[in-house]
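See structure below.
The values are calculated or read from the model by the stated rules, or taken from the named source; none is laboratory data. Since we're looking at a predicted model, the values are computed, not measured. Counting neighbours? That spans all protein chains shown, and the Cβs are built from the backbone with ideal geometry, glycine included.
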Amino acid sequence: MSFKALSEPINFEQVKALSKLTPEQEQLKAIRDQELKEIIEGKSKKILLIIGPCSAHNEEAVMEYVTRLAKLQEKVQDKIFMVPRIYTNKPRTNGDGYKGLLHQQNPEGKSNLIKGIAAVRSLHNRVISETGLTTADEMLYPENLEFVQDLVSYIAVGARSVEDQQHRFVASGIDQPTGLKNPTSGNLKVLFNSLYAAQQKQEFIFNGLEVESSSNPLAHVVLRGGLNEYGENIPNYHYEDLVKVVDLYKAGKYQNPFIVVDTNHDNSGKKHTEQIRIVQETLINRTWNTDMKNWVRGFMIESFLESGRQEADGKIFGKSITDPCLGWEETEELVKYIAEHA
């Protein structure tokens, strides 16, 4: 067995020079990053929404969506802080299927990760420069963090990655808020082990160097439901589930308790319209418990221009080719509802 080199060694500095932020854009990002930090720390009680397409497969459709989102953000800025999902890597359960913009710049085309790095940086940069919003992405491959860390404001560690030592340790060296999803089993003990690891200093090998991480006090939990041994969905957004998570935070030495509810995936059973009901129920649950109201202040919502999903060869502009998403009209109504009831 062996690995076949498909490119020359990648120069990180040359990569970072692609789609580099201007000083004005860096200042804008710094302001938004500070506001997001204050939300995670509890200094601001705004609701955080990590919201957008399941996968950023079409650059122009993503830009149309985020342009609309920026206008909506202005209307709800007193109550809500929105970070658009620009997810450019997609985990695949069995390794097959569309793997995201990093791999395939055309969903039906061949994989080209070198061109993908440029495409990923370009899209994150366009969102900042053209809309004034800053972005979230998933750290599917820890060694690729350096390719985007200067451009993103929020990083997610997925359910299949959260048990991995490398993901946990790299998360401990990230400056941005980092959402750790519960594993696909739904096991909360595993989730809080990951959180503990991410909030400590760690020593490990990273991109060819021995490093010590700073620790990440902005790391926090994301509840996305799970699957039992029979493949049945086990949601974890109900009141009793949130109480368990609050109690686990209290029982350990964790910084900045913050809970995000992922409204799709195994919480909704990928029934995308259920996201609306899940948000509404969670907002009601917060009113019954002071700690819950203070700590449950985030939602991950999958949303795009058109409702539902299509196959990768579909031609509907702004419709997901991975998990089904809320359409724009549903999204706008839901965001306004959150602003009114938060």
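Results for (1) surrounded by fewer than 18 Cβ atoms within 10 Å (Cβ to Cβ); (2) outside any helix (DSSP H, G or I), shown as yes or no for each residue.
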residue: E108; (1), (2): yes, yes
residue: A119; (1), (2): no, no
residue: S122; (1), (2): yes, no
residue: I128; (1), (2): no, no
residue: L133; (1), (2): no, yes
residue: F147; (1), (2): no, no
residue: D150; (1), (2): yes, yes
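I need the full set of residues from segment 92-104 which are in contact (Cβ under 8 Å) with a residue 12 or more places away in the chain and over 18 Å from E311 (Cβ atoms), in order please. Residue satisfying the conditions is L102 alone.
Okay, residues lined up against (1) of a type in the set (D, E, K, R); (2) crowded, with 18+ Cβ neighbours inside 10 Å; (3) over 18 Å from the mean Cα position of the chain (by Cα):
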{"site": "E13", "(1), (2), (3)": "yes, no, yes"}
{"site": "K37", "(1), (2), (3)": "yes, yes, no"}
{"site": "I47", "(1), (2), (3)": "no, yes, no"}
{"site": "C54", "(1), (2), (3)": "no, yes, no"}
{"site": "Y65", "(1), (2), (3)": "no, yes, no"}
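On inspection, K336 qualifies as at pLDDT 95 or above and either surrounded by 18 or more Cβ atoms within 10 Å (Cβ to Cβ) or under 18 Å from K46 (Cβ atoms) (or both). So how many residues does segment 270-306 have that are polar (S, T, N, Q), surrounded by fewer than 17 Cβ atoms within 10 Å (Cβ to Cβ) and in a helix (DSSP H, G or I)? Selection size over segment 270-306: 3. If you check N94, N112 for being over 20 Å from the mean Cα position of the chain (by Cα) and buried (at least 17 other Cβ atoms within 10 Å of the Cβ), only one passes: N112.
When segment 219-244 is limited to residues that are buried (at least 19 other Cβ atoms within 10 Å of the Cβ) and touching a Phe, Trp or Tyr at 6+ places or on another chain (Cβ under 8 Å), the one that is nearest to I39 (Cα to Cα) turns out to be H220. Test T263 against the criterion of being modelled with pLDDT of 95 or more and out of contact with any Leu (no Cβ under 8 Å at 6 or more places or on another chain), and give yes or no. Yes, satisfied. Somewhere in segment 193-211, is a residue modelled with pLDDT of 95 or more, among the polar types (S, T, N, Q) and more than 18 Å from H167 (Cβ to Cβ)? Scanning segment 193-211, I find no residue that is modelled with pLDDT of 95 or more, among the polar types (S, T, N, Q) and more than 18 Å from H167 (Cβ to Cβ), so the answer is no. Restricting attention to segment 273-299, the residues that are of a type in the set (A, V, I, L, M) and touching a Leu at 6+ places or on another chain (Cβ under 8 Å) add up to 4. For segment 288-321, enumerate the residues that are touching a residue at least 60 places away in the same chain (Cβ under 8 Å), of a type in the set (D, E) and closer than 26 Å to Y237 by Cα. Listed by number, the list holds a single entry, E302.
Among the helices (runs of 4 or more DSSP H) contained in segment 165-269, which hold 2 or more residues that are in contact with a Ser or Thr (Cβ under 8 Å, 6 or more places away or on another chain), farther than 25 Å from D291 by Cβ and in contact (Cβ under 8 Å) with a residue 24 or more places away in the chain? Filter on segment 165-269 gives 165-171.
With the checklist (1) closer than 28 Å to E330 by Cβ; (2) crowded, with 21+ Cβ neighbours inside 10 Å; (3) not basic (K, R) in hand, flag the one item L102 doesn't pass. Only one criterion in (1) closer than 28 Å to E330 by Cβ; (2) crowded, with 21+ Cβ neighbours inside 10 Å; (3) not basic (K, R) is unmet by L102, namely (1). Based on what the data block shows, is E35 within 30 Å of Y254 (Cβ to Cβ), acidic (D, E) and part of a helix (DSSP H, G or I)? Criteria met by E35.
Being among the aromatic types (F, W, Y) and over 24 Å from I80 (Cβ atoms) is the filter here, so list the residues in segment 231-290 that pass it. Within segment 231-290, just Y254 meets the criteria. Scanning segment 38-51 for residues that are over 18 Å from V76 (Cα atoms), touching a residue at least 12 places away in the same chain (Cβ under 8 Å) and part of a loop (DSSP other than H, G, I, E, B) gives a single hit, G42.
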